[in-house]
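First comes the structure, then the notes that go with it.
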Amino acid sequence: MVQVFILGGTGHAGGAVLDLILQKHPQVPVTVLVRDEHKGARLRNKYPAVQTTLGDLSSHQKLHDEAHRADVVINAAPDITHGDGISAILAGLKDGGRSRKGFYLHVSGAATFYTKDPNGVKEGGIWDDVADMDEILAVDQSYTHIPTDNLVRSASADVHVAILAPVGIGGISPSLEHPAPLTTGPLLSTARAFGTGFQIARGENESGWVHVLDFARAMLLLVDNALDALHGTNDTVEPAEPTGFPLWGTRAYYFVRTEDISFHDLQTALVPSLCRHGVIPSEEVKSVTHTQAARTCLAGSTEFDPDAPLPPPDSWVIHLATWFGINMRVRSSRLAALGWKPVENSILGDLEVAVDEYLKREGGGA
């Protein structure tokens, strides 16, 4: 019997992937890594057929053993700084005793390809995952996601690997723990600290977005391909390549994007919800500098201090403040060739519900 092991299955994106797999393949045994038994119990209550196992990305022996038992591993957990955990998974998939290679689907991110000056101006080109593949593979190790991406590619001789690089993920997920997008918190708390909506300069910079349910459908295309191969009668059968290019291997890198939204348009759509909930007093969107955004992002929900020291250059806060002002534009040519098309409406339409869900949990609700 084919076995699937999922990391990040309680998260915003991973929870949507889990839900879709269980809908389409209810007969396939699925094990999900969870951090604690409370999360495990909630997940099993919603999905009685799911097995859970306790651990996280630092539980290297657990990751190795679960990957060794699995035929398909989906890693929708954070990748940055978790190279050792990813190595343990790949080692488990490589271990002997298999009649055929296992499959590893890795969620990375398109942040590798954002413009470097967070000036709030629309600039830079569009990266394409077919036309620009040679350039994508040549990106320096110092860039975000590249060390773990290359770690995954290095296992391709022994494991069928594929990397999905989503842009910003929005929309409401069926995840029990994280129905609202992970960007909701930083956007809300920074606006709360400023007392208004905000943008860098005029907020003309554009970033790609994908609805979480469309992201899950993209993942399912590759999961289906893996399961079809694993359910084949010939032990040596390889996955089908219906597009004429490899679906798995060193060049199997998939941008996942359905729309581009300027930061100004994102804020304009967000602030009415923040105002209705009393997070900010009006629907004003004011222009700020990257430095002000970084200080405010560090302050979080407290009052903005214009004289506060800047956070360290490599901190998560700086990365968030940079995202407020950069462009991140990509094209999902590989998925389009597989027939993937967006089904959901714009992520802007779910911002009201996202704010509701976030504030409910912030206040100690469900």
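The values are calculated or read from the model by the stated rules, or taken from the named source; none is laboratory data. Computed from a prediction, not measured in an experiment: that's the story for all the values here. Heads up, the Cβs are rebuilt from the backbone with ideal geometry, glycines too, and the neighbour counts pull from every protein chain shown.
Restricting attention to the stretch 291-299, does a residue exist that is more than 22 Å from the chain's Cα centre (by Cα), loosely packed, with under 15 Cβ neighbours inside 10 Å and either part of a helix (DSSP H, G or I) or modelled with pLDDT of 95 or more (or both)?
Initially, the stretch 291-299 is screened for residues more than 22 Å from the chain's Cα centre (by Cα), giving 291-296, 298-299.
Checking which are loosely packed, with under 15 Cβ neighbours inside 10 Å leaves us with 291.
Filter again for either part of a helix (DSSP H, G or I) or modelled with pLDDT of 95 or more (or both), leaving 291.
Within the stretch 291-299, one or more residues are more than 22 Å from the chain's Cα centre (by Cα), loosely packed, with under 15 Cβ neighbours inside 10 Å and either part of a helix (DSSP H, G or I) or modelled with pLDDT of 95 or more (or both).
Among the listed residues 102, 85, 92, which satisfies the condition of being touching a residue at least 24 places away in the same chain (Cβ under 8 Å), within 20 Å of the chain's Cα centre (by Cα) and under 26 Å from residue 221 (Cα atoms)?
Every option except 85 fails the conditions.
Does residue 139 satisfy the condition of being farther than 22 Å from residue 216 by Cα and more than 19 Å from the chain's Cα centre (by Cα)?
So residue 139 passes the test.
I'm checking my understanding of the structure. Among residues of the stretch 32-54 that are surrounded by fewer than 18 Cβ atoms within 10 Å (Cβ to Cβ) and of a type in the set (S, T, N, Q), which one is nearest to residue 230 (Cα to Cα)?
Top of the filtered list is 51.
Could you count how many residues in the stretch 165-213 are part of a loop (DSSP other than H, G, I, E, B), within 27 Å of residue 291 (Cβ to Cβ), modelled with pLDDT of 95 or more and of a type in the set (A, V, I, L, M, F, W, C)?
2
What do you reckon, is residue 64 under 26 Å from residue 96 (Cβ atoms) and of a type outside the set (S, T, N, Q)? Full working, then the answer.
Numbers: under 26 Å from residue 96 (Cβ atoms): yes; of a type outside the set (S, T, N, Q): yes.
For residue 64, the condition - under 26 Å from residue 96 (Cβ atoms) and of a type outside the set (S, T, N, Q) - is met.
For the stretch 10-24, indicate whether the set of residues that are under 26 Å from residue 181 (Cβ atoms), buried (at least 16 other Cβ atoms within 10 Å of the Cβ) and without any contact (Cβ under 8 Å) to a residue 24 or more places away in the chain is non-empty. Steps first, please.
Narrowing the stretch 10-24 to residues under 26 Å from residue 181 (Cβ atoms): 10-24.
Of the ones still in play, those that are also buried (at least 16 other Cβ atoms within 10 Å of the Cβ) are 10-22.
When the remaining residues are screened for being without any contact (Cβ under 8 Å) to a residue 24 or more places away in the chain, the result is none.
So far as the stretch 10-24 goes, no, none of its residues is under 26 Å from residue 181 (Cβ atoms), buried (at least 16 other Cβ atoms within 10 Å of the Cβ) and without any contact (Cβ under 8 Å) to a residue 24 or more places away in the chain.
Return yes when residue 79 is outside any helix (DSSP H, G or I), within 22 Å of residue 209 (Cβ to Cβ) and out of contact with any Asp or Glu (no Cβ under 6 Å at 6 or more places or on another chain) and no when it is not. Working first, answer last.
On the way: outside any helix (DSSP H, G or I): yes; within 22 Å of residue 209 (Cβ to Cβ): yes; out of contact with any Asp or Glu (no Cβ under 6 Å at 6 or more places or on another chain): yes.
So residue 79 passes the test.
Can you name every residue in the stretch 270-285 that is surrounded by fewer than 18 Cβ atoms within 10 Å (Cβ to Cβ) and not in a loop (DSSP other than H, G, I, E, B)? Let's see the steps before the verdict.
To start, the set of residues in the stretch 270-285 that are surrounded by fewer than 18 Cβ atoms within 10 Å (Cβ to Cβ) comprises 272, 275-278, 281-284.
Matches in the stretch 270-285: 272, 275, 276.
Does the stretch 78-98 include one or more residues that are of a type outside the set (Val, Ile, Thr) and on the phi > 0 side of the Ramachandran plot?
Yes, because at least one residue in the stretch 78-98 is of a type outside the set (Val, Ile, Thr) and on the phi > 0 side of the Ramachandran plot.
Those residues that are assigned to a helix (DSSP H, G or I), more than 22 Å from the chain's Cα centre (by Cα) and of a type outside the set (S, T, N, Q), I need them from the stretch 241-268; list them, please.
Answer for the stretch 241-268, where residues must be assigned to a helix (DSSP H, G or I), more than 22 Å from the chain's Cα centre (by Cα) and of a type outside the set (S, T, N, Q): just 264.
When only residues in the stretch 110-122 that are surrounded by fewer than 24 Cβ atoms within 10 Å (Cβ to Cβ) and under 15 Å from the mean Cα position of the chain (by Cα) count, which is farthest from residue 153 (Cα to Cα)?
Filtering first and then ranking leaves 111.
List the number of the failed condition for residue 95; all other conditions in (1) more than 23 Å from residue 147 (Cα to Cα); (2) touching a His at 6+ places or on another chain (Cβ under 7 Å) hold.
Of everything listed in (1) more than 23 Å from residue 147 (Cα to Cα); (2) touching a His at 6+ places or on another chain (Cβ under 7 Å), residue 95 misses just condition (1).
Every residue in the stretch 37-58 that is in contact with an Asp or Glu (Cβ under 9 Å, 6 or more places away or on another chain) and assigned to a loop (DSSP other than H, G, I, E, B), please.
Listed by number, the residues that qualify are 47, 55, 57, 58.
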